[in-house]
1. Give me the residue from the range 350-373 that is surrounded by 19 or more Cβ atoms within 10 Å (Cβ to Cβ) and at pLDDT 95 or above and, out of that set, nearest to residue 305 (Cα to Cα).
2. Can we say residue 258 is in the same structural domain as residue 124 (by TED's automatic domain parsing), closer than 30 Å to residue 398 by Cα and either at pLDDT below 95 or surrounded by 21 or more Cβ atoms within 10 Å (Cβ to Cβ) (or both)?
3. Looking only at the range 268-308, how many residues end up being farther than 29 Å from residue 200 by Cβ and part of a helix (DSSP H, G or I)?
4. Which residue is farthest from the chain's Cα centre (by Cα), if the candidates are limited to the range 288-305 and must be loosely packed, with under 14 Cβ neighbours inside 10 Å and closer than 23 Å to residue 374 by Cα?
5. Can you report the number of residues in the range 288-299 which are at pLDDT 95 or above, more than 8 Å from residue 388 (Cβ to Cβ) and touching a helix residue (DSSP H, G or I) at 6+ places or on another chain (Cβ under 8 Å)?
6. Output the number of the condition that residue 402 fails; it satisfies all remaining conditions of (1) within 29 Å of residue 262 (Cβ to Cβ); (2) touching a strand residue (DSSP E or B) at 6+ places or on another chain (Cβ under 8 Å).
7. Step by step: first the residues of the range 385-395, then only those that are closer than 19 Å to residue 364 by Cα and touching a residue at least 60 places away in the same chain (Cβ under 8 Å), then the one that is surrounded by the most Cβ atoms within 10 Å (Cβ to Cβ). Which residue is that?
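The values are calculated or read from the model by the stated rules, or taken from the named source; none is laboratory data. Because the structure is a prediction, the values reported are computed rather than measured. With ideal geometry, Cβ positions are generated from the backbone for all residues, glycine too; neighbour counts draw on all protein chains shown.
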């Protein structure tokens, strides 16, 4: 059986009732978190520009732009919500995508689900199917896909959102294969745009691509056969032949990716690779009561090879950030701002916060470096260790293996709901925040997803909790 056919069969042969309870719960958690960060991002510059374009272009308003009073065509709504949801870089991550799995999916399942009046249970199932497709294909891509500069959130996200959309539209097997083919040719995104408005746009475009692909396939539009397979298929095109392994596409639901390796929910609104450094820095502040004025310099130790001469992974792209967006991808700034403010929250990534003379001076004394051997404070080979050298000649060290919010140290439901309320309050009145939080917590009990989307729009009458 081809890899493409195995994906098609999985989409069609996986009834919601056979998805394990743990996977469904994790799906609800992911949707709660992703909708929250989308509401928080509604007023970000990138989200406002995309929303303005959507409003100017018009069209039949069938889907909600979260946190606004705007309705738009399905694909446009997916684009706008996906851009808003990634604008703050506060959305979840997972290993086999090497990026953000939920943000391409959530806008697609909400838009299509709203158009067909899908139940909450059907939306959760479609989300999980799309998540599984993203991750299992991502596993086959190998690490070189991301290393070559592709933004895998968007390449894999286009496939995942197409899988989720066709599931809700109940397309047949032939249409499903066509949708995957169409989405594969609409997939794209480059890491070179990290730190600019185009990074969140790429996430929105992945959601849009999946919706467009499914709608075209529904109308009889065709795509290539076995699009994942062969020398010119998706896997070989996006990964070198020696790295990408088409045989790795499979094993769907064994285990479900939302269970193992699981999802990392972001505690801080910045690139996830810097979260362990933030955890370590904040722990040292709490333990030793130090302030920025006592810091001579900071060494951030990462496993050998993670810091390259050309800038390295996400959080090393902007060693001297000048804007809030650049600050999200600066290990130096994340550590410096933690020391200055004693926390890492939304205000840390305001342009004015990054431009503070104190922040600019301190971040120049923060040095990410490769460890040629394991740091003495580390207990495993995967870690971030922070050494704070103080002005009175002390060296304060802390190593973190698993960032808070990761699969081994997940946020509780109460913590997730607190994050949701903090995010949603930036766009919605208090009664809608509470009502939507309750509905998302029990999403599979919602009879029609339009009951939820009504609570996620402004200017709507919503019954109090």
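1. 366
2. Spelling it out, residue 258 is indeed in the same structural domain as residue 124 (by TED's automatic domain parsing), closer than 30 Å to residue 398 by Cα and either at pLDDT below 95 or surrounded by 21 or more Cβ atoms within 10 Å (Cβ to Cβ) (or both).
3. Qualifying residue count, the range 268-308: 9.
4. 304
5. 1
6. So residue 402 meets the others, but not (2).
7. Checking each candidate, the answer is 386.
One line per residue, one yes/no per condition, for (1) under 27 Å from residue 146 (Cβ atoms); (2) at pLDDT below 95; (3) surrounded by fewer than 24 Cβ atoms within 10 Å (Cβ to Cβ):
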| residue | (1), (2), (3) |
| --- | --- |
| 317 | yes, yes, yes |
| 328 | yes, yes, no |
| 335 | yes, no, no |
| 338 | yes, no, no |
| 342 | no, no, yes |
